[in-house]
Amino acid sequence: MAWALGWFAQSRVYLITAAASLALGHRCAQTAPPEASPVAVALALGRLSDAHVVASEFDWEPSRGPWLDAAWGRGLLFLGTPHGEGQRDLFCARARVSPEGQPIVVSAAKNLTETSLADEEGLQVRGRYAVYRARAFDEIQGVSLLDLGGARSDEWHGGWLNRWLLRLRAWQETGSFGGVSRTHIATAGASQLLLRLGEHTLELQAGQQTYGVDLATRELSMPHPGPQDLVHRVVVAEQHQGGDQWRHTLVDLLRTELGAEAIAWLEGGMFGVEEDLRRLTAAGDPDAALAPAPSAQPALEPGTSGWPPTAVPSLWASPHKLSPEQPAILEGVWQALADARNSDALGEQAGRPASVGSSDSEPLFVHTFVHPDRERPAARLWLIAMDMRRLELRMEAGYEEPRPETGPPGRGSLPVEPALLRRVVATFNGGFKSVHGDYGMMVDGRVLVPPTPGAATVVVTQDGRAGLGNWPLSPKIPADIVSFRQNLQALLADGKINPTDRQDWGPRVVGQSAVTERSALCMTEAGELIYAWGSDVTGATLAQGLKQAGCRYAMALDMNPGHTGFFLTHILPPESGWRLPAENVQATAALEGMRVFPKKYALWSDKDFFYLLRRGDGAPSGGLQWTPSVGLQPLPAATPAILSAARTVGTLPVELLAIEPGRMEFALSAGNEPLLEGTAAPRRALNDVDAERELLALTLGHATLSARYGLAFGESATLPLRDEDATLLLGPSAEIGVVPAGEELRVVAGQTAVQLPSLLSAGEVTTRGQQRGPFRRRGALCVADDGRIYVAMATNDSSDVLALALGSLGCRDVVELDRGSNHEVTLTRAGTPSRSSQLLPPPEQPGASDESTTLHGLSRIPTPWTFRFGGD
């Protein structure tokens with residue numbers, strides 16, 4: 001019987017083999033098995049991720065064939081509510097699927113977003129691409145495009161070891177060694193945003209506007225005309241795969257596996273060993289362990305305008321010399337910060353002088369050093385002071401840190417805006433990672449992490465001022481703040497070191513503050529900002545050095561080698577696109593020993609950073625060729641504040657003058673104004689002190705019996721003020737503004753009000769602006785939203801051309817420089833051939849000899865654009 005069965009099988013072996021081959025071929029030809037039960041998969045995903053998952057909110061990645069799907073698993077993406085509460089996050093997972101399409105086992109679920117305040121929604125998967133929205137604060141915060149095929153080669157940084165470690169980290173985060181390539185499109189102002197993921201393009205529709213993203217190049221096409229109403233700001237950013245140093249990547253890997261406390265313990269031990277080695281090296285020679293220093297620069301004496309700062313006192317009886325080779329450079333003495341790129345042509349191509357210093361011998365940055373540790377004489381802290389009269393502070397979030405709670409992460413690079421890039425002069429590091437404290441950050445009005453009350457904070461306001469201080473007890477964000485970054489508590493506040501008695505100034509062993517590389521930012525009593533950097537300091541000695549430097553408030557920034565640095569930077573803006581080519585960036589470390597890739601913050605940064613712009617380098621509106629006005633300029637003269645340009649309205653040439661905000665003071669002297677019985681006497685001329693400060697004089701004519709435009713010096717009026725007239729209002733601090741006709745007007749002590757005809761009201765030319773009259777020299781003035789003051793002058797029979805010229809510069813309310821007497825408008829500038837000195841004395845002083853009431857522009861001692869923020 002057995003023999004018979006064997007013979008039967010042997011005789012049909014070819015038939016059995018052929019049948020099995022056909023079945024296998026048929027099964028392998030099926031590229032997509034039948035879909036698994038959505039309810040079953042959702043339940044399995046929920047159990048695996050400890051989240052509530054809805055059956056309609058997951059989608060499969062492309063199948064790789066039934067056998068690979070069964071053996072290795074098929075990827076899927078899903079939206080889930082962690083622990084069944086709060087907002088949805090985006091997860092990825094892998095499910096082994098049977099040839100019939102039923103899930104065998106679901107494993108390796110990873111939370112890709114972890115945004116506690118954002119609700120991820122609108123998930124779509126097509127082929128290797130996926131897209132979703134993030135909503136927070138009732139607005140769409142951004143859209144994220146994922147390439148499930150893995151990160152591109154240019155998204156991995158560093159050497160081979162770092163790239164290998166980055167792939168391990170990608171596996172930790174996504175369950176794939178190739179990772180996920182992410183492109184984030186941050187938006188603001190849209191309550192609804194429709195997504196259409198096509199084969200080659202992602203379309204975003206907001207109202208009537210449609211944006212397109214090419215899936216291959218990630219280039220964004222904008223609607224025409226540009227963004228309006230629903231989407232006020234669109235920022236495209238690519239998320240790279242971590243940093244560029246293998247040590248940092250290894251620490252991140254171990255922190256995920258072992259926990260933050262274990263890594264803090266290991267780092268504390270490592271810092272202790274390094275400190276012991278430094279002490280042995282420095283034994284008997286306090287200068288032996290000092291790091292190499294930059295090239296010597298001449299010592300600078302404090303300027304009459306408060307810059308450079310005064311010398312920093314030493315803790316030591318004899319100030320330390322920098323090194324035996326450079327004995328002339330002493331502790332606490334400020335020198336100009338050397339710029340190794342001053343022979344490079346890149347800065348000139350960018351439209352700026354190649355040197356960071358200025359042409360009038362007042363550099364933008366000066367530096368010195370102190371030895372703040374009495375127990376460790378060799379420990380040195382470097383100080384870099386920034387001239388905040390001429391600089392503007394900005395910030396950006398990294399593409400990983402701080403870890404956002406409200407949607408897409410930060411840009412991780414400088415904004416690719418040509419006008420802004422031309423003004424960039426420096427970048428420096430930000431604060432700690434989120435794992436070391438979820439300290440708040442907001443960039444350009446978009447909150448990534450809400451503020452922590454009481455935390456040390458640096459803020460930037462709408463008018464470009466930088467403030468340092470403790471965040472108030474309320475988490476509410478003041479309306480005038482556009483960006484902020486927090487880190488720990490104050491290092492120094494009002495002269496007191498460590499006012500909150502904090503012990504841990506970074507990852508540490510309990511009760512210790514490790515000796516390592518640290519950085520900080522502080523504000524002095526004079527309002528200057530100082531960046532501090534030391535390679536072997538503690539939190540306490542960092543604060544001590546800043547107190548020596550005269551800092552009023554100080555906050556700790558990042559720490560540890562490879563995380564801190566200050567870099568002088570020149571950038572040539574690209575001709576098109578939103579990516580900044582590396583060859584367009586020239587950057588060097590301000591000090592030797594700063595071990596960060598100098599171009600990192602400009603190109604791609606996993607962590608947040610700050611950058612500095614030249615203030616006043618931004619051209620006024622209108623696309624005109626603005627040049628420094630002939631005559632004396634207010635201090636600092638290296639940054640002109642009075643600019644001139646010309647344009648043609650129709651066929652008529654119009655002369656334009658622009659005055660930068662905050663650079664001058666203004667005063668008024670009355671001409672031949674009518675005197676009414678019982679009214680206050682006007683101020684007829686400037687006092688001697690103001691006369692010596694006069695830089696320009698602009699005549700306004702005078703009121704007549706038929707045209708009694710109001711005039712008031714303080715609360716007592718010389719001529720009654722009328723609501724139907726526009727008003728030029730000079731504030732108690734000599735600022736200037738235009739109050740439109742019809743608005744309620746109240747003049748208080750210290751203010752001056754002079755009323756003038758309105759040519760442009762709420763952007764519309766008024767009846768006065770359309771009137772015709774004799775040909776004469778006419779003038780008009782306005783104050784734009786950015787605080788710039790514009791003056792237009794032309795010879796014509798009407799002032800409508802002046803209104804149109806100033807309206808094209810962004811002004812909505814324009815006044816005519818004529819109080820009713822029909823005088824020719826004149827502009828006098830100090831330092832011109834007719835005014836060879838800064839002084840415009842009587843009888844040449846317009847307000848003393850002319851019939852016209854005169855607006856005077858006065859020089860002022862420049863002050864930094866900084867302030868003390870928040871509470872104590």
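The values are calculated or read from the model by the stated rules, or taken from the named source; none is laboratory data. All of these numbers come straight from a predicted model, not from anything done at the bench. Here the Cβ is made from the backbone with ideal geometry for all residues, glycine too, and neighbour counts use every protein chain on show. With ligands, DNA and RNA removed, areas are computed over all heavy atoms of the protein, side chains included. Shrake-Rupley method; radii C 1.70, N 1.55, O 1.52, S 1.80 Å.
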Within segment 33-55, identify whether any single residue is modelled with pLDDT of 85 or more and touching a Leu at 6+ places or on another chain (Cβ under 6 Å), and answer yes or no.
yes
Every residue in segment 59-87 that is of a type in the set (A, V, I, L, M, F, W, C) and open to solvent by 10 Å² or more (accessible area, probe 1.4 Å), please.
Trp60, Trp67, Leu68, Ala70, Ala71, Trp72
Could you tell me whether Val482 is surrounded by fewer than 17 Cβ atoms within 10 Å (Cβ to Cβ) and not in a loop (DSSP other than H, G, I, E, B)?
no
Just one of the numbered conditions (1) under 20 Å from Gly464 (Cβ atoms); (2) open to solvent by 20 Å² or more (accessible area, probe 1.4 Å); (3) of a type in the set (S, T, N, Q) is not true of Thr639; which one?
(2)
If Leu117 satisfies all but one of (1) at pLDDT 90 or above; (2) assigned to a loop (DSSP other than H, G, I, E, B); (3) under 21 Å from Arg169 (Cα atoms), what's the number of the condition it fails?
(3)
For segment 415-459, please list each of the strands (runs of 3 or more DSSP E) lying entirely inside it that holds at least 2 residues being open to solvent by less than 20 Å² (accessible area, probe 1.4 Å) and closer than 21 Å to Gly142 by Cβ.
441-443, 446-449
Within segment 197-223, which residues are touching a residue at least 40 places away in the same chain (Cβ under 8 Å) and within 16 Å of Arg128 (Cα to Cα)?
Leu197, Gly198, Glu199, Leu202, Val213, Leu215, Arg218
The residue from Pro682, Pro661 that alone is at pLDDT below 90, open to solvent by less than 50 Å² (accessible area, probe 1.4 Å) and more than 30 Å from Gln462 (Cβ to Cβ) is Pro682
Residue among Met559, Met523 that is over 21 Å from Asp501 (Cβ atoms) and open to solvent by less than 10 Å² (accessible area, probe 1.4 Å)
Met523
Would you mind telling me which numbered condition in (1) among the β-branched types (Val, Ile, Thr); (2) assigned to a loop (DSSP other than H, G, I, E, B); (3) buried (at least 22 other Cβ atoms within 10 Å of the Cβ) Thr727 fails?
(2)
Taking segment 689-713 on its own, how many of its residues are under 40 Å from the mean Cα position of the chain (by Cα) and either assigned to a loop (DSSP other than H, G, I, E, B) or among the polar types (S, T, N, Q) (or both)?
1
Which one of Ser107, Ser144 is part of a strand (DSSP E or B) and modelled with pLDDT under 80?
Ser107
Is at least one residue of segment 643-658 over 38 Å from the mean Cα position of the chain (by Cα), over 16 Å from His856 (Cα atoms) and either surrounded by 21 or more Cβ atoms within 10 Å (Cβ to Cβ) or hydroxyl-bearing (Ser, Thr, Tyr) (or both)?
yes
Among the residues of segment 88-109, are any under 19 Å from Pro404 (Cα atoms), open to solvent by less than 40 Å² (accessible area, probe 1.4 Å) and charged (D, E, K, R)?
yes
List every residue pair whose Cβ atoms lie under 6 Å apart, where the two residues are 6 or more positions apart in sequence or sit on different chains, the first residue falls within segment 747-758 and is open to solvent by 10 Å² or more (accessible area, probe 1.4 Å), and the second residue, located anywhere, is acidic (Asp, Glu) and part of a loop (DSSP other than H, G, I, E, B).
Ala749/Glu715
Give me the residue from segment 730-740 that is open to solvent by less than 40 Å² (accessible area, probe 1.4 Å) and not in a strand (DSSP E or B) and, out of that set, modelled with the highest pLDDT.
Pro740
So for segment 174-188 (the condition being part of a helix (DSSP H, G or I) and of a type outside the set (A, V, I, L, M, F, W, C)), does at least one residue qualify?
yes
For Pro581, which of the numbered conditions (1) in contact (Cβ under 8 Å) with a residue 40 or more places away in the chain; (2) under 24 Å from the mean Cα position of the chain (by Cα) fails to hold?
(1)
Hits in segment 100-144 - residues which are of a type in the set (Val, Ile, Thr) and within 29 Å of the chain's Cα centre (by Cα)
Thr113, Thr115, Val131, Ile140, Val143
Could you identify the single residue in Pro377, Pro402 that is over 27 Å from Ala526 (Cα atoms) and open to solvent by 10 Å² or more (accessible area, probe 1.4 Å)?
Pro377
Taking the conditions exactly as written (under 30 Å from Gly410 (Cβ atoms), part of a strand (DSSP E or B) and in contact with a Gly (Cβ under 8 Å, 6 or more places away or on another chain)), does Phe610 satisfy them or not?
yes
Among residues belonging to segment 161-210 that are among the hydrophobic types (A, V, I, L, M, F, W, C) and under 16 Å from Val125 (Cα atoms), point out the one that is most open to solvent (accessible area, probe 1.4 Å).
Leu194
Tally of residues being of a type in the set (Asp, Glu) and crowded, with 22+ Cβ neighbours inside 10 Å across segment 814-834
2
Against the condition hydroxyl-bearing (Ser, Thr, Tyr), modelled with pLDDT under 95 and touching a Lys or Arg at 6+ places or on another chain (Cβ under 9 Å), how does Ser852 come out, does it pass?
yes
Strands (runs of 3 or more DSSP E) lying entirely in segment 362-410 (those with 2 or more residues that are over 27 Å from the mean Cα position of the chain (by Cα) and closer than 22 Å to Phe567 by Cα)
365-370
